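Below: the structure, in structure tokens.
The values are calculated or read from the model by the stated rules, or taken from the named source; none is laboratory data. Since the structure is predicted, the reported quantities are computational estimates derived from the model, not experimental observations. Here the Cβ positions follow ideal geometry from the backbone for every residue, glycine too, while neighbour counts run over all protein chains shown. We work out accessible area using only protein heavy atoms, side chains counted, and drop any ligands, DNA or RNA first. Shrake-Rupley method; radii C 1.70, N 1.55, O 1.52, S 1.80 Å.
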Amino acid sequence: MIDIIPSISLTGESKTLDFDNSIEFTIASHDIYPQNEGLLVTVTDFNMEDYKRVMQYVGQRITTIPNNMGGFGPIDSKEPHSNDPEYRAVAIIGHLGLPAEHALYAAGFVNCEGKLFNGDKTEIFTLPYKPQGVKEFWSITRYSFLTRNTLPGKNDIFNAYNTKPDDNGNVTITFSVEDPKDGTYWMPVNAGEGFYFVIRYYSPDLDNMPPGYY
């Protein structure tokens, strides 16, 4: 995949979407599940204050949801929580994602003390290089809690690309502002800024994942 990226090109027309009411635009231009259609009609007056209130709640609720089960699959699928509106709402923070059968996302928001991650405190995690039940590969991406996006110019980690196991078959990752230069894999974060990370296990055997993964 890495080798073919330079040869990929995209063509097409790019333009700004123009609408006054985002919910009315969604109802008019998208296929909507019946479960959502009636709900959307009742909140067409959704405003910025509503948005801030909802995002504050979602930001708190997401710390209690361990993975993407039910978040990205069809709302009427057999995947656990697929028809739970809170799980679906939390999934929008991830923008795009795969159903758990294709990739299990294990999210980290708080440390062992139950406190949200912050760039002012170094956090260190040790994980198995070859996790049980993962058929393909894994990756780790860290995100800003302020923007809900990746940190520009900061590296992510992939077991098939830029890591290798230690003598015990593990990898140790350090989230910190300064490079620890101690042989662990450094994932830079911003001083004074909240962050979270997501481990993606591709092609997981959901009946064979080890305890604590989700």
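Residue pairs whose Cβ atoms lie under 6 Å apart, separated by 6 or more positions or on different chains, with the first residue in the range 22-43 and over 16 Å from residue 89 (Cβ atoms) and the second open to solvent by less than 90 Å² (accessible area, probe 1.4 Å) and assigned to a helix (DSSP H, G or I), are 27/40.
Can you confirm whether residue 91 is in contact with a Gly (Cβ under 6 Å, 6 or more places away or on another chain) and among the hydrophobic types (A, V, I, L, M, F, W, C)? In short, yes.
Beta carbons closer than 6 Å, at least 6 apart along the sequence or on distinct chains, pair a first residue in the range 170-189 that is closer than 11 Å to residue 124 by Cα with a second that is buried (at least 19 other Cβ atoms within 10 Å of the Cβ) and among the polar types (S, T, N, Q) for 180/174; 184/174; 186/174. Looking across the range 97-121, the residues that are under 11 Å from the mean Cα position of the chain (by Cα), surrounded by 18 or more Cβ atoms within 10 Å (Cβ to Cβ) and not small (Gly, Ala, Ser) come down to 104, 105, 109.
Candidates in the range 122-135 are the residues that are among the hydrophobic types (A, V, I, L, M, F, W, C) and either within 17 Å of residue 175 (Cβ to Cβ) or within 14 Å of the chain's Cα centre (by Cα) (or both); of these, the one that is surrounded by the most Cβ atoms within 10 Å (Cβ to Cβ) is 125.
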